[in-house]
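Here the structure is laid out as structure tokens; the discussion comes afterwards.
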């Protein structure tokens, strides 16, 4: 079953009684955000993209800053903010943005904006069945809306903005309307979440989600040194050890403790420390149950939540069971760059190289979404890029994505969506390699593709003669954008 998830501000049909205590005026904290964005065009990567205008919510936090969702201001070219009872529009800029956690912090250029505002501070995780108040703007509304809802679930959910990252999320029993995101969810005068996504109405009714304070606090701490490093990852998979026979075969006690490592990514921080078949018994001295949960702050949470709260360079300690003996290991945490191939990309133009009317682009989620590719080999490289460690030989998978028809590239249409292997016998591992290969002087360029015996051959003299013709015929303003896409 396909679940469709949409970005929303939560509007909850119920009581009009605000949850904030007396003396707290949320209207002095709430911000209306209008962002003019430019969506990149992956099918015509040299085009600047289409313009759109969206409205979202945000709220004032300490340090004369505004917090909102990343998806409210992604790909933004111009941002203005408004506050209640003030007709002026104030230009703002994105100071920090975390696409993996869908949070952003804005700065307002005019410091006078923060006069008569009141910063909000984060609270704790609200209890199940406790009421919360959601502040934002209804669809098309210019005035503050206050509604209430009930906390119904706390667990890990995929954050739709990145499309791949999963973090703690809090479900609210609420009627959902597409509209403004980024508004604060309040309980007892404290921010307990940021409204950010929910299911479309044809999938589920009265289900919405907010980003809880552990994620908010982590984001704010991460940016406190002047940069955002993003989330770390153990870069491994594991399975539960609830079967007594499995436990006995491993020599484990029958105490329902531990999970078994099934794979370790060679590009991740666990590689060389943990290995397939290890049983993880404890994490930072917290026992790991056979279902992968640990007790944290009085609650049972999934083991990754321990790592979720750590930062790049931090360490995590495991007691493990290896070859029927107990060991203690320590891992210095980092991210895992190959995972980014399946994450939505924002705030940068599509990367490409155009040569002789042939358009080459690196494989990415944006690419796959734009072209809706059915080629089985290309889908394999995309779907198994991490698990089959394709990144070892192809740190970037360079694809012949399009052909601008011209006599210089006649009869090459059948090679579209082929994966580049080498050019003039030089392996192509990145888009930079592709640009370098075409910059080398040669009478001809022989391009071989993965799994194909048929090359594409371009003569340098013919390419040079066709260059201006192709650029003019197809209104191409730029022939390449190769800024490095690898974030190690």
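Condition check for residue 448 on (1) surrounded by fewer than 17 Cβ atoms within 10 Å (Cβ to Cβ); (2) free of Cβ contacts under 8 Å to residues at least 60 places away in the same chain; (3) not in a helix (DSSP H, G or I): one failure, at (1). Restricting the range 68-112 to residues that are surrounded by fewer than 22 Cβ atoms within 10 Å (Cβ to Cβ) and in a helix (DSSP H, G or I), the residue that is modelled with the lowest pLDDT is 111.
Quick one: in the range 468-488, which of the residues that are outside any loop (DSSP other than H, G, I, E, B) and free of Cβ contacts under 8 Å to residues at least 24 places away in the same chain is nearest to the chain's Cα centre (by Cα)?
Of everything passing the filter in the range 468-488, 471 is nearest to the chain's Cα centre (by Cα).
Residue 294 meets all of the listed conditions (1) in contact (Cβ under 8 Å) with a residue 24 or more places away in the chain; (2) in a strand (DSSP E or B) but one, namely (1).
Among the residues of the range 247-266, those that are free of Cβ contacts under 8 Å to residues at least 24 places away in the same chain and loosely packed, with under 15 Cβ neighbours inside 10 Å comprise 248, 249, 253, 254, 255.
Among the residues of the range 315-336, write down those that are assigned to a loop (DSSP other than H, G, I, E, B) and within 18 Å of residue 237 (Cβ to Cβ). Spell out the reasoning first.
First, pick out the residues of the range 315-336 that are assigned to a loop (DSSP other than H, G, I, E, B): 323-324, 333-336.
Correct list: 333, 334, 335, 336.
Of all residues in the range 322-337, which are under 13 Å from the mean Cα position of the chain (by Cα) and either modelled with pLDDT of 95 or more or crowded, with 19+ Cβ neighbours inside 10 Å (or both)? Don't jump to the end; show me each part of the working.
At the first step, the residues of the range 322-337 found to be under 13 Å from the mean Cα position of the chain (by Cα) are 335-337.
335, 336, listed by residue number.
Could you tell me which of the residues 280, 252 is at pLDDT 95 or above, under 16 Å from residue 320 (Cβ atoms) and in the same structural domain as residue 319 (by TED's automatic domain parsing)?
On the way: 252 fails: at pLDDT 95 or above.
That would be 280, the only listed residue that is at pLDDT 95 or above, under 16 Å from residue 320 (Cβ atoms) and in the same structural domain as residue 319 (by TED's automatic domain parsing).
State the number of residues belonging to the range 339-370 that are closer than 14 Å to residue 75 by Cβ and in contact with a helix residue (DSSP H, G or I) (Cβ under 6 Å, 6 or more places away or on another chain). If you could, list the steps in order and put the result at the bottom.
First pass over the range 339-370, keeping only residues closer than 14 Å to residue 75 by Cβ: 344-350, 366.
Checking the rest, the ones that are also in contact with a helix residue (DSSP H, G or I) (Cβ under 6 Å, 6 or more places away or on another chain) come to 344-345.
Qualifying residue count for the region: 2.
For the range 298-314, the tally of residues that are without any contact (Cβ under 8 Å) to a residue 40 or more places away in the chain, over 17 Å from residue 270 (Cβ atoms) and assigned to a loop (DSSP other than H, G, I, E, B) stands at 1. Considered as a group, the residues in the range 131-146 that are under 15 Å from residue 181 (Cβ atoms) and either outside the structural domain of residue 27 (by TED's automatic domain parsing) or surrounded by 15 or more Cβ atoms within 10 Å (Cβ to Cβ) (or both) include one that is modelled with the lowest pLDDT, and that residue is 138.
Among the residues making up the range 279-290, those that are in contact (Cβ under 8 Å) with a residue 40 or more places away in the chain and part of a strand (DSSP E or B) are 279, 280, 281.
Filter the range 230-243 for residues that are more than 14 Å from residue 215 (Cα to Cα), outside any strand (DSSP E or B) and touching a residue at least 24 places away in the same chain (Cβ under 8 Å) and give the result.
Quick first cut of the range 230-243, residues more than 14 Å from residue 215 (Cα to Cα) only: 233-243.
Still in the list and also outside any strand (DSSP E or B): 233-235, 241-243.
Within the range 230-243, 233, 234, 235, 241, 242 meet the criteria.
For residue 365, the conditions (1) over 16 Å from the mean Cα position of the chain (by Cα); (2) in contact (Cβ under 8 Å) with a residue 24 or more places away in the chain all hold with the exception of (1). Inspect the range 181-197 for any residue being more than 19 Å from residue 106 (Cβ to Cβ), part of a loop (DSSP other than H, G, I, E, B) and either modelled with pLDDT of 80 or more or not assigned by TED's automatic domain parsing to the domain that holds residue 270 (or both) and give the result as yes or no. Among the residues of the range 181-197, at least one is more than 19 Å from residue 106 (Cβ to Cβ), part of a loop (DSSP other than H, G, I, E, B) and either modelled with pLDDT of 80 or more or not assigned by TED's automatic domain parsing to the domain that holds residue 270 (or both), which makes the answer yes.
If you filter the range 350-381 down to residues that are in a loop (DSSP other than H, G, I, E, B), modelled with pLDDT of 95 or more and touching a strand residue (DSSP E or B) at 6+ places or on another chain (Cβ under 9 Å), you find that the one that is farthest from residue 450 (Cα to Cα) is 350. Is there a residue in the range 267-278 that is free of Cβ contacts under 8 Å to residues at least 24 places away in the same chain and under 26 Å from residue 169 (Cα atoms)? No, because not a single residue in the range 267-278 is free of Cβ contacts under 8 Å to residues at least 24 places away in the same chain and under 26 Å from residue 169 (Cα atoms).
The values are calculated or read from the model by the stated rules, or taken from the named source; none is laboratory data. Note that this is a predicted model, so its numbers are computed, not measured. Ideal geometry is used to build each Cβ from the backbone, glycine not excepted, and the neighbour counts take in all protein chains shown.
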